[in-house]
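Engineer: Questions regarding the structure given below will be posed in turn.
Taken together, the values in this text are just the output of simple stated rules run on the coordinates, not laboratory data. Note that the coordinates shown come from a computational prediction; the quantities given were computed from them, not determined experimentally. Using ideal geometry, Cβ is built from the backbone for each residue, glycine included, and neighbour counts are taken over all protein chains shown.
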Amino acid sequence: MEGAQEPVAPPPPDRRISLEDEHEVEEDRRRRVVAALVYGDDAPPDTPVPGPWMPLVAGLALALAVMLIVGMGTLVRGSLPGGRPSPGPHPSPAVTARR
């Protein structure tokens, strides 16, 4: 029969899971994603998930490293003889004596 359609299964009923179960599922998904990104195919199943403070600590460490590199570059460039021309001697205004 040309016009016949196959029976369609009804959609599954909405099942609500508890917040604790939802949290465990999300934590497990994050752990697997981190493990896959870090270790590739050799990922162990019990890889710890980085904490919420790690991105902040990494950003502060990066900012400190950049400031250190820029500061050292400025000091080195200023100490070189050709780094920046020093101002030459300039005469001071003549002081006239009042009588």
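Engineer: Between SER79 and SER18, with labels modelled 7 Å along Cα→Cβ, what's the label distance in nm to one decimal, could you check?
Structural biologist: Simple spin-label model gives 6.5 nm for this pair.
Engineer: A follow-up question, please. Highest mean first, how do 20-26, 34-40 rank when packing is the count of other Cβ atoms within 10 Å averaged over residues?
Structural biologist: Details: 20-26: 10.4, 34-40: 12.0.
Top to bottom by mean Cβ count within 10 Å: 34-40, 20-26.
Engineer: Another one. Quick check: net charge around GLU22, other residues with Cβ under 12 Å of its Cβ, Lys/Arg +1 and Asp/Glu -1? Present the calculation step by step, with values, prior to reporting the outcome.
Structural biologist: Values: positive: ARG15, ARG16, ARG29; negative: GLU20, ASP21, GLU24, GLU26, GLU27, ASP28.
With Lys, Arg at +1 and Asp, Glu at -1, the net is -3.
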